[in-house]
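Contents: one structure, followed by commentary.
Computed from the coordinates by the stated procedures, all read-outs in this text should not be read as laboratory data. These figures come from a predicted structure and were not determined experimentally. Every residue, glycine among them, receives a Cβ derived from its backbone with ideal geometry; neighbour counts consider all protein chains shown.
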Amino acid sequence: MDLEVAKRQLLEDGCCVVPGILTPAETESVRAKLWQAAENNERAGVPTRQIGLDPNEHNVRVFYLLERDAIFRELIQHPTAIEFVTALLTSDFLISNFTANIALPGSQSMELHSDQGIVVPEPWLQPWSINVIWCLNDVDEENGATRYLPGSHKIKYASELPQDARTRMVPFKAPAGSFVVMDGRLWHTSGANVSKDRERALLFGYYSRSFIRQQQNWNASLSPETIDSLSPQLRAWLGLEARANVSLARRLRIHPVATHTKLTS
Ligand SMILES: O=C(O)CCC(=O)C(=O)O
């Protein structure tokens, strides 16, 4: 796959599919670790069913992936994923969240939304967030592929959303081991899994510009042991450095006082 073609598609269409990132064996191993993470969450009292967010109990939501297994800490900083993130957001980004939604047969479609709209008020003038969606099964309309409204990454105000948006939505189609990249402004929803027995496991790596508050407070949600194990780069992408929100000042050549001042002084 020509990554440059895919990047252009992301910029123009608001999404693209990048196949062949994980081998079948790697995909299967991540899928097994995802189910293990779901079990560990339940054991730790973190519910995997979110009725309200999802219409029924056939969606399995798995939070705290970065805490649960090193494989998820590898995927969130996968070089090809980061290439797409920087192509859309520039290198000024943070990791906002990393969660999974396993749609089992019988699952229904959730509310239509854009992920940027969840973290920034309108108008949405530029791409300030992005999802890298890891496909751990073959994904298509039958097993509940994410559905999106073509061209909706150009929508600046929610009032511009067409009345018949739901009927105009189309499903992604992607083989297991690929990822789908989605501009944070693209309106989408989970599809209904109408298959008899096919699972649809997707991981959602969510990244946003560094001036937007992340969906997860990693200081509060990662254990000291996990934080100790992180590389300086991953620590920085998680916003775990002492310094925060000074990059625009740096670009404007404003002296970022906080960087030179002890935080306690
Ligand atoms: O699972 C999907 O296909 C979409 C999930 C989603 O959009 C969300 O959780 O915000």
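If I model a spin label at Gln126 and Leu53 as a point 7 Å from the Cα along the Cα→Cβ vector, what separation in nanometres do I get?
So the label points at Gln126 and Leu53 sit 2.9 nm apart.
If you place +1 on the Cβ of every Lys and Arg and -1 on the Cβ of every Asp and Glu, how big does the dipole about the Cα centre of the range 3-260 come out, in debye to the nearest 20?
For the range 3-260, the charge dipole is close to 740 debye.
Straight-line reach from Lys154: which aspartates and glutamates have a Cα under 20 Å away, not including same-chain ones fewer than 8 places off?
Partners found: Glu12, Asp13, Glu111, Asp115, Glu122, Asp164, Asp183.
Summing Lys, Arg as +1 and Asp, Glu as -1, what charge do residues with Cβ under 15 Å from the Cβ of Gln108 carry, Gln108 excluded?
Its environment carries a net charge of 0.
Which of the peptides 165-176, 5-16 is most tightly packed, and how do the rest follow, going by the mean number of other Cβ atoms within 10 Å of each residue?
Ranked by mean Cβ neighbours within 10 Å, highest first: 5-16, 165-176.
From Cα pairs below 8 angstrom and at least 6 apart in sequence, can you work out the relative contact order of the range 3-260, rounded to a whole percent?
The value is 26 percent.
For every other residue with a beta carbon closer than 15 angstrom to the beta carbon of Val46, add +1 if it is Lys or Arg and -1 if Asp or Glu, then tell me the sum.
Taking every Cβ under 15 Å from that of Val46, the sum is 0.
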